[in-house]
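Asks: The structure's right below; bear with me while I get my questions together.
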Amino acid sequence: MKTQETSESLKELVKEKYGQIADQSYTENATSCCGAGGCSTMDYTIMAEDYTQLKGYVADADLGLGCGLPTEFALIKEGDTVIDLGSGAGNDAFVARSIAGEKGKIIGIDFTEKMIDKARVNAEKLGFNNVEFRFGDIEKMPVTANVADVVVSNCVLNLVPNKKQAFAEMFRVIKPGGHFSVSDIVLQGELPAGLQKSAEMYAGCVAGAIQQDEYIQLIQDAGFENVTVQKERKITIPEDILSVYLNDSEMEKYKNGALGIYSITVYGEKPGAERIKQLAEERKATCCGSDSTCC
Ligand SMILES: C[S@@+](CC[C@H](N)C(=O)[O-])C[C@H]1O[C@@H](n2cnc3c(N)ncnc32)[C@H](O)[C@@H]1O
């Protein structure tokens, strides 16, 4: 468990990095500065998928920072209210808006001011008045409870120090019966220290990633049901970079085993109002009698 102080300094580091990245283009981010180590030859777009063919794609909002296509899996419907966590320059928010339409509402949340500024400029240029970008922390979202039909997020939660709190907040802001689809970076197996180092150097955002099992467990513990991994993709790190850090047997293990860094897209549902009531009653019934503190 990270201390409050460490969490806050990690967040400051993330804000600083994404403040720099906000000023850069997709191409610049392909050889850019990110991650705890500062500037390097890192390709920050290594995990990104191709958005260019998606309806609603806005080139100015695409900084190459995602690691999946959550809007493709999020079952967004016309008229939905969608929240995009860590919205960056608005890449997923604008794609979500093209599905939710005029009657929908999109709220992007980000704690890097330059990203919010950039996203707002993009929305302004497009003349959208139902896409709003709010400055705020995912661990304490600037949104009232039970407002979202759908939450999406792309390659962000790995950066959040208190993931338990982030999932609890997601649960709070989703309407009963609503759902989420988030793409993120997770680990499978213990990475050799060298690989972790190379991955950090190369792709920046592996440092905060946790084991996939732990990630899924946190989501379930937050109260989400029907949690499923909709897509899983192993992140390919070029062999010339791997060979600097891994010996022959480690290289063999990495290439042939499940061990590695993955992009996953995960789906989960907040139970409906009736089910929430039923769960609360069940909890009360199994409560330990005289000890009222557990209820
Ligand atoms: C890897 S970028 C992804 C941006 C966007 N989702 C995309 O795909 O283009 C991560 C974004 O999450 C934001 N972020 C990270 N931690 C956050 C937090 N705790 N609260 C709000 N935003 C956060 C960063 O400022 C940054 O804009």
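Every read-out reported here was derived from the displayed coordinates using simple, explicitly stated rules and does not represent laboratory data. Here the structure is a predicted model, which is why all the values come from computation and not from measurement. Note that we place each Cβ from the backbone using ideal geometry, even for glycine, and neighbour counts take in every protein chain shown.
Asks: Over the range 141-239, what portion of Cα pair distances is larger than 17 Å, expressed as a whole percent?
Replies: Of all Cα-Cα pairs in the range 141-239, 54 percent lie more than 17 Å apart.
Asks: May I ask you to derive the relative contact order of the range 152-295, considering only C-alpha pairs under 8 Å and at least 6 residues apart, and to give it as an integer percent?
Replies: That works out to 34 percent.
Asks: How many percent of the alpha carbon pairs in the range 4-281 exceed a separation of 28 Å?
Replies: Counting every Cα pair in the range 4-281, those more than 28 Å apart make up 33 percent.
Asks: Also, quick follow-up: With a sphere of radius 13 Å drawn around the Cβ of G194, what net charge do the other residues whose Cβ falls strictly inside it have (Lys, Arg +1; Asp, Glu -1)?
Replies: So the surrounding residues net to -2.
Asks: Taking the dipole about the Cα centre of the range 4-281, with the C-beta of Lys and Arg at +1 and of Asp and Glu at -1, give me whichever of S153, V244, Y202 is farthest to the positive side.
Replies: Of the options given, the answer is S153.
Asks: Let me ask something additional. If we sort 113-124, 231-242, 91-102 on the protection proxy, mean other Cβ atoms within 10 Å, highest first, what's the order?
Replies: Taking the mean over residues of other Cβ atoms within 10 Å, the ranking is 91-102, 113-124, 231-242.
Asks: Using helices alone, I'd like the mean residue ellipticity at 222 nm for the chain: each DSSP H run of four-plus residues gives -39500 (n - 2.57), total over residue count, nearest 500.
Replies: So the calculated ellipticity at 222 nm is -11000 deg cm²/dmol.
Asks: Let me ask something else about it. What lysines sit close enough to K253 to cross-link, taking a C-alpha to C-alpha distance under 16 Å and skipping anything fewer than 8 places away on the same chain?
Replies: K234
Asks: Another question, if that's okay. Between N247 and Q220, with labels modelled 7 Å along Cα→Cβ, what's the label distance in nm to one decimal, could you check?
Replies: Distance between label points: 3.7 nm.
Asks: Now for a different question. Which value, in debye to the nearest 20, gives the size of the charge dipole of the chain about its Cα centre, when Lys and Arg are +1 and Asp and Glu are -1 at the Cβ?
Replies: 700
Asks: Just going by the charge dipole of the chain, with Lys and Arg at +1 and Asp and Glu at -1 on Cβ, which of A30, I219, I264 is farthest out on the positive end?
Replies: The residue sitting most towards the positive pole is I219.
Asks: With the convex hull built on the Cα atoms of the range 163-295, state its orientation-averaged projected area in nm².
Replies: Its Cα hull, projected and averaged over all orientations, spans 10.2 nm².
Asks: Pairs of Cα atoms under 8 Å, at least six residues apart: use those to get the relative contact order of the range 85-175, whole percent.
Replies: Dividing the mean separation by the residue count of the range 85-175 yields 31 percent.
Asks: Run the reach check for K77 against lysines, Cα to Cα strictly under 21 Å, same-chain hits fewer than 8 apart removed. What comes back?
Replies: K55, K103, K105, K175, K231, K270
Asks: With contacts defined as alpha carbon pairs under 8 Å and 6 or more residues apart, what's the relative contact order of the range 4-281 in percent?
Replies: 18
Asks: Any lysines with Cα under 16 Å of the K114 Cα? List them, leaving off those in the same chain fewer than 8 positions away.
Replies: Partners within reach: K11, K15, K17.
Asks: Report the full-extension gain for the segment N130 to A145: residue separation times 0.36 nm, less the Cα-Cα distance, to one decimal in nm.
Replies: My answer for the length gained is 3.5 nm.
Asks: As an exercise, use a Förster radius of 22 Å and the Cβ-Cβ distance of I210 and K77 to find the FRET efficiency, rounded to the nearest 0.05.
Replies: Rounded to the nearest 0.05, the efficiency is 0.10.
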